[in-house]
1. Consider CYS298 carefully, then state whether it is farther than 27 Å from LYS157 by Cα and within 14 Å of the ligand (Cβ to nearest atom).
2. Go through the residues of region 244-260 one by one and say whether even a single one is within 16 Å of the ligand (Cβ to nearest atom) and either open to solvent by 60 Å² or more (accessible area, probe 1.4 Å) or out of contact with any helix residue (DSSP H, G or I) (no Cβ under 6 Å at 6 or more places or on another chain) (or both).
3. When both residues are 6+ apart or on different chains and their Cβ atoms are under 8 Å apart, which pairs have a first residue that lies in region 198-218 and is over 22 Å from SER272 (Cα atoms), and a second that is at pLDDT below 95 and away from the ligand (no atom under 16 Å from the Cβ)?
4. Output the number of the condition that HIS43 fails; it satisfies all remaining conditions of (1) open to solvent by 60 Å² or more (accessible area, probe 1.4 Å); (2) in a strand (DSSP E or B).
5. When you go through (1) free of Cβ contacts under 8 Å to residues at least 60 places away in the same chain; (2) of a type in the set (D, E, K, R); (3) at negative phi one by one for GLU258, which number turns out not to apply?
6. Considering only region 30-40, state which residues are in contact with a His (Cβ under 9 Å, 6 or more places away or on another chain) and either open to solvent by 50 Å² or more (accessible area, probe 1.4 Å) or β-branched (Val, Ile, Thr) (or both).
7. Identify all residues within region 220-231 that are modelled with pLDDT of 95 or more and surrounded by fewer than 22 Cβ atoms within 10 Å (Cβ to Cβ); write none if there are none.
8. Restricting to region 98-131, count the residues that are assigned to a helix (DSSP H, G or I), open to solvent by less than 60 Å² (accessible area, probe 1.4 Å) and touching a residue at least 12 places away in the same chain (Cβ under 8 Å).
Amino acid sequence: MKVLVINSGSSSLKYQLYDMTDESVLAKGLVERIGMESSILNHKPTGGQEVTEVKEILEHNTAIRKVLAMLTDSEHGVIESIDEIDAVGHRVVHGGESFKASALVDDNAKSEIRRLIDLAPLHNPAAMMGITASEANMPGIPMVVVFDTAFHQDMPKKAYLYAIPKVLYNKYKVRRYGFHGTSHEYVSKAAAEFLGQSIEDLKIITCHIGNGGSITAVLGGHSVDTSMGMTPLEGLMMGTRSGDLDPAIVPYVMNKEELTVNEVNSMLNKHSGLLAISGVSSDMREITDGLAEGDPNCTLAFEMYEYRMRKYIGSYAAAMNGVDVIVFTAGVGENSVVVREKVCENLTYLGVEIDDALNAIRSGEPRLISTANSKVKVLVVPTNEELVIARDTYRIVNESK
Ligand code: ADP
């Protein structure tokens with residue numbers, strides 16, 4: 001069975017084609033700048049030549065058509081015909097309270113995702129464009145939606161409610177949802193497997209640290225708290241997002257600077273975080289380069305970023321009354337030796353002890369970076385959200401037959 005995984009953004013579309021007999025990736029690629037002057041399609045067939053095409057791709061429908069043409073291309077393709085695709089899995093950011101797990105795409109699911117656009121105005125419309133375009137170009141092929149929020153739907157009320165008038169939850173479902181759920185679920189399971197222990201017996205803190213970042217407390221395999229909130233803005237300091245701040249700052253600044261709702265949203269989501277403090281970049285590589293060169297702004301940005309991560313790890317150890325395993329994943333978590341080192345350096349009170357040589361190793365496999373004496377096991381586990389989507393799609397489509 002072959003499963004096409006689609007991650008559709010507002011101007012981009014990422015894809016991976018899986019052969020589920022051995023979970024191998026047959027091809028993957030990315031369409032960027034959809035709707036802009038020159039769109040770019042980058043296609044990588046496994047074991048074959050990477051191709052990049054620059055052409056006009058005005059909307060998602062054309063993007064999907066080009067992707068399907070590339071997958072079936074006589075030179076760069078990996079399948080003979082679209083009919084070989086047995087199912088399509090779509091990543092959807094917000095599943096609200098409606099989706100506690102992945103689901104088959106039907107009229108009901110689609111209208112629910114549309115209803116949730118109110119909660120995720122930037123993300124869910126893009127996912128819907130990907131779904132609609134896929135349906136138009138692959139009629140009759142079963143599709144599944146996989147949500148970033150679903151894993152966190154187990155959180156207890158005390159973790160997901162905000163201490164504001166209840167009417168806001170009752171009327172508008174204002175609450176913590178949490179994001180990166182597929183990644184937190186995947187790496188927590190992979191960590192338990194790697195350690196040869198049952199996840200039911202473990203208190204795990206998973207740190208998904210990429211451009212966006214979130215930390216989750218995983219108790220017995222369930223998310224019991226997570227740092228992102230109703231939107232992906234809450235929690236950690238991120239590349240361009242502020243993370244936590246005193247909510248009173250928002251009306252104060254809006255008033256002083258005469259900012260509109262859109263402007264303040266844009267300030268907190270796009271012009272804050274590492275970028276704002278360093279004045280240099282939102283990319284951790286440039287921040288750590290600046291740190292190594294003694295740049296004071298990069299140093300401060302790095303310290304604030306690492307400090308916030310450490311505070312969340314401490315608070316989730318408190319939430320679970322302990323921690324057995326800490327997992328680092330995503331772009332920064334998997335690659336930045338210095339972020340891991342600095343975060344763990346100040347967690348000795350929890351019994352964390354990092355082995356510097358193990359921490360410095362690079363590999364695409366799950367690995368231990370703590371010493372044999374460390375009370376808490378610290379792991380780096382490469383995340384694989386696409387594989388989770390492919391697996392869920394495969395399982396749900398088979399179950400529905
Ligand atoms: P996204 O949230 O967009 O999925 P990723 O998980 O791909 O992001 O992470 C992207 C970030 O990872 C980059 O912005 C960069 O800061 C960071 N990163 C990638 N490689 C390294 C590295 N070698 N060292 C430090 N940071 C890195």
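The values are calculated or read from the model by the stated rules, or taken from the named source; none is laboratory data. Being a predicted model, the structure only gives us computed values, none of them experimental. Here the Cβ is made from the backbone with ideal geometry for all residues, glycine too, and neighbour counts use every protein chain on show. These accessible areas exclude ligands, DNA and RNA; they are computed on the full protein's heavy atoms, side chains included. Shrake-Rupley method; radii C 1.70, N 1.55, O 1.52, S 1.80 Å.
1. yes
2. no
3. Sorted first by the residue in region 198-218, then by its partner, the list stays empty.
4. It is condition (1) that HIS43 fails.
5. Failed condition: (3).
6. VAL31, ILE34
7. Keep residues of region 220-231 that are modelled with pLDDT of 95 or more, which gives 220-230.
Result: GLY220, GLY221, HIS222, VAL224, GLY229, MET230.
8. Total satisfying the criteria: 12.
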